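Visitor: Below is one structure. I have some questions about it.
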Amino acid sequence: MATPSVSTNKAKIARRVVEVLDYFDDNHCEATVMDIVRRYDRPQSSTSELLCSMVELGLLYKDPYSRSYSLSPRAALLGQAGQPDVIRDGRLMRLLDRLVAQTGLSVALFGMVGLNTQIISWRPGPRTSPAVKRDLSGGLQEPLSQSAPGWLLLSTVAQPRCDGLVRRLNAEASDDRKFSLPEMAARLQACRVDGNVQGPVGYNTKAEVLGVLLPDQQRDRPLAVGFVYGAEEKVNVAGLLQCLEEAMHQCLDETGATTAEVERLPNAA
């Protein structure tokens, strides 16, 4: 049986591997050791060793001249086979890319991890302020009660379990983060009725989010997608909601070829 110190060290290594993978996005296609060190405040020596191990595992490429690292196809495809079709065939990623291209705003995909809201994917847009781009990134987590995306995700939980989760969130919140139970119940009911939410994106930023639930998600595994923008920015809420609905219809309702629709070639092999 592993000792507590060994188990803790393994957990730290797993966290740091995920941090490295989270670092890469449209604006960070490559990374040096120092990029990772500065982003996550990690020791340089152990970070260098970790990146070399990820190269050996086929998760990263290393440029021999610039000594920078980039994601490999294995990193992108790892775990993809066990995902729902909308993720496996790329429709969800096309949705996020389309929303950024259409509006210039940043787009985030949110999910639930225990009692937390997590930014599963973060796509910064050209209209987004540097402060928002600096403070938000994929992988961040925060209690569900502290942000509009969390309210939207919580609203999908059936009663009375939802009431129990809300009471637990309030009990575990620090004194400055406690909330009114009736007010929270009203927020969640509004999310259930409207199917969308507008409010703070959380994560200690002043950014706002306009989000909607993705349709046809697995029970207890809801996903939400939303536009993220500075609180000072003026946005057309109705126009953005229409954009979200149209984009989801175009991207998520695509019907790819199924096995039954693919022409079989019995003599091909």
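Visitor: For segment 166-186, which positions are touching a Ser or Thr at 6+ places or on another chain (Cβ under 8 Å) and without any contact (Cβ under 8 Å) to a residue 40 or more places away in the chain?
Guide: Restricting attention to segment 166-186, the residues satisfying the condition of being touching a Ser or Thr at 6+ places or on another chain (Cβ under 8 Å) are 166, 169-170, 173, 177, 179, 184.
Those that are touching a Ser or Thr at 6+ places or on another chain (Cβ under 8 Å) and without any contact (Cβ under 8 Å) to a residue 40 or more places away in the chain: VAL166, ASN170, ALA173, ARG177, PHE179, MET184.
Visitor: In addition: List pairs: first residue in segment 36-57 and over 13 Å from LYS12 (Cα atoms), second residue not in a helix (DSSP H, G or I) anywhere in the structure, Cβ distance under 6 angstrom, at least six positions apart or on different chains.
Guide: LEU51/TYR69; MET54/LEU60; VAL55/LYS62
Visitor: Within segment 162-204, can you find the residues that are surrounded by 13 or more Cβ atoms within 10 Å (Cβ to Cβ), part of a loop (DSSP other than H, G, I, E, B) and within 22 Å of the chain's Cα centre (by Cα)?
Guide: Listed by number, the residues that qualify are GLY195, VAL201, GLY202, TYR203.
Visitor: I've got another one for you. Restricting the search to segment 137-161, which residues are within 19 Å of VAL197 (Cβ to Cβ) and part of a helix (DSSP H, G or I)?
Guide: At the first step, the residues of segment 137-161 found to be within 19 Å of VAL197 (Cβ to Cβ) are 140-159.
Once the filter is applied, which keeps residues that are within 19 Å of VAL197 (Cβ to Cβ) and part of a helix (DSSP H, G or I), segment 137-161 yields LEU144, SER145, GLN146, ALA148, PRO149, GLY150, TRP151, LEU152, LEU153, LEU154.
Visitor: When only residues in segment 108-136 that are in a loop (DSSP other than H, G, I, E, B) and hydrophobic (A, V, I, L, M, F, W, C) count, which is nearest to HIS28 (Cα to Cα)? First the steps, then the outcome.
Guide: In the first step, residues of segment 108-136 are kept if they are in a loop (DSSP other than H, G, I, E, B); the result is 114-115, 124-129, 136.
Those still in the list that are hydrophobic (A, V, I, L, M, F, W, C) too: 115, 136.
Details: LEU115: 29, LEU136: 14 Å.
Among residues in segment 108-136 that are in a loop (DSSP other than H, G, I, E, B) and hydrophobic (A, V, I, L, M, F, W, C), the one nearest to HIS28 (Cα to Cα) is LEU136.
Visitor: While we're on this one: Looking only at residues in segment 109-161 that are among the β-branched types (Val, Ile, Thr) and buried (at least 16 other Cβ atoms within 10 Å of the Cβ), which one is farthest from ASP220 (Cα to Cα)?
Guide: Taking segment 109-161 first, the residues among the β-branched types (Val, Ile, Thr) are 113, 117, 119-120, 128, 132, 156-157.
Then drop every residue that is not buried (at least 16 other Cβ atoms within 10 Å of the Cβ), which leaves 117, 119-120, 128, 132, 156-157.
Details: THR117: 13, ILE119: 17, ILE120: 16, THR128: 31, VAL132: 29, THR156: 8, VAL157: 7 Å.
Among them, the one singled out is THR128.
Visitor: Of these, SER72, SER106, SER53, SER48, which one is over 24 Å from the mean Cα position of the chain (by Cα) and surrounded by 14 or more Cβ atoms within 10 Å (Cβ to Cβ)?
Guide: On the way: SER72 fails: over 24 Å from the mean Cα position of the chain (by Cα); SER106 fails: over 24 Å from the mean Cα position of the chain (by Cα); SER53 fails: surrounded by 14 or more Cβ atoms within 10 Å (Cβ to Cβ).
Testing whether each residue is over 24 Å from the mean Cα position of the chain (by Cα) and surrounded by 14 or more Cβ atoms within 10 Å (Cβ to Cβ) leaves just SER48.
Visitor: All but one of (1) within 21 Å of ARG123 (Cα to Cα); (2) modelled with pLDDT of 95 or more; (3) out of contact with any strand residue (DSSP E or B) (no Cβ under 8 Å at 6 or more places or on another chain); (4) not small (Gly, Ala, Ser) hold for LEU153, so report the exception by its number.
Guide: Evaluating LEU153 over (1) within 21 Å of ARG123 (Cα to Cα); (2) modelled with pLDDT of 95 or more; (3) out of contact with any strand residue (DSSP E or B) (no Cβ under 8 Å at 6 or more places or on another chain); (4) not small (Gly, Ala, Ser) leaves (3) as the failure.
Visitor: Inspect all residues belonging to segment 145-165 and state whether any of them is free of Cβ contacts under 8 Å to residues at least 40 places away in the same chain, among the charged types (D, E, K, R) and in the same structural domain as ALA207 (by TED's automatic domain parsing).
Guide: Scanning segment 145-165, I find at least one residue that is free of Cβ contacts under 8 Å to residues at least 40 places away in the same chain, among the charged types (D, E, K, R) and in the same structural domain as ALA207 (by TED's automatic domain parsing), so the answer is yes.
Visitor: Considering only segment 76-91, I want to know if a residue exists there that is buried (at least 16 other Cβ atoms within 10 Å of the Cβ), outside the structural domain of TYR23 (by TED's automatic domain parsing) and in a helix (DSSP H, G or I).
Guide: Of segment 76-91, the ones buried (at least 16 other Cβ atoms within 10 Å of the Cβ) are 86, 91.
From what's left, outside the structural domain of TYR23 (by TED's automatic domain parsing): 86, 91.
Imposing the further condition that a residue be in a helix (DSSP H, G or I) reduces the set to 86, 91.
So far as segment 76-91 goes, yes, one or more of its residues are buried (at least 16 other Cβ atoms within 10 Å of the Cβ), outside the structural domain of TYR23 (by TED's automatic domain parsing) and in a helix (DSSP H, G or I).
Visitor: Ok, one more. Considering only segment 20-37, I want to know if a residue exists there that is among the polar types (S, T, N, Q), at pLDDT below 90 and loosely packed, with under 15 Cβ neighbours inside 10 Å. Steps first, please.
Guide: Looking only at segment 20-37, we keep the residues that are among the polar types (S, T, N, Q), and these are 27, 32.
If we keep only those that are at pLDDT below 90 as well, we get 27.
Filter once more, so that each one left must be loosely packed, with under 15 Cβ neighbours inside 10 Å: 27.
Scanning segment 20-37 turns up at least one residue that is among the polar types (S, T, N, Q), at pLDDT below 90 and loosely packed, with under 15 Cβ neighbours inside 10 Å.
Visitor: Condition first: surrounded by fewer than 12 Cβ atoms within 10 Å (Cβ to Cβ) and at pLDDT 90 or above. Can you find one or more residues in segment 3-11 that meet it?
Guide: Looking for residues that are surrounded by fewer than 12 Cβ atoms within 10 Å (Cβ to Cβ) and at pLDDT 90 or above, one finds none in segment 3-11, hence no.
Visitor: Just give me the residues in segment 215-237 being on the phi < 0 side of the Ramachandran plot, in a loop (DSSP other than H, G, I, E, B) and either in contact (Cβ under 8 Å) with a residue 60 or more places away in the chain or not hydrophobic (A, V, I, L, M, F, W, C) (or both), in sequence order.
Guide: Let us first name the residues in segment 215-237 that are on the phi < 0 side of the Ramachandran plot, namely 215, 217-219, 221-237.
From what is left, the residues that are in a loop (DSSP other than H, G, I, E, B) are 215, 217-219, 221-222, 231-236.
Those that are on the phi < 0 side of the Ramachandran plot, in a loop (DSSP other than H, G, I, E, B) and either in contact (Cβ under 8 Å) with a residue 60 or more places away in the chain or not hydrophobic (A, V, I, L, M, F, W, C) (or both): PRO215, GLN217, GLN218, ARG219, ARG221, PRO222, GLU232, GLU233, LYS234, VAL235, ASN236.
The values are calculated or read from the model by the stated rules, or taken from the named source; none is laboratory data. Keep in mind that what you see is a predicted model, and the values were worked out from it rather than measured. Don't worry about glycine lacking a Cβ; one is built from the backbone with ideal geometry, like all the others, and counts go over all protein chains shown.
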